[in-house]
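Undergrad: Next up is a structure, given as structure tokens.
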Amino acid sequence: MPNNYVGWVQIIYNQEGFTAIKQANGRNIFTIPESGVLKVVPVQSRGLQCRAFL
């Protein structure tokens, strides 16, 4: 998350031309841009599960 970000976060996925979700140590890494809108293609199609937000 950008420092001091206040507001909604939107994740748009499974659209042609978006970047793949980054992974490290078996976890998905989401880097939220200043706009608060992240556009990605999921690595798997079973859905997203977030347990921690950094």
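Undergrad: 5 Å is the cut-off here: which amide hydrogens, built 1.01 Å from N in the peptide plane, fall below it relative to Val41, excluding neighbours closer than 5 in sequence?
TA: Asn14, Thr19, Ala20, Ile21
Undergrad: With a 1.4 Å probe and all protein chains in place, put Glu16, Glu34 in order of accessible area, largest first.
TA: So the residues, ranked largest to smallest area, are Glu16, Glu34.
The values are calculated or read from the model by the stated rules, or taken from the named source; none is laboratory data. Since the model is a prediction, treat every value here as computed from it, not as a measurement. Ligands, DNA and RNA are stripped out before the accessible areas are found, and what is left, the full protein with its side chains, is counted by its heavy atoms. Shrake-Rupley method; radii C 1.70, N 1.55, O 1.52, S 1.80 Å.
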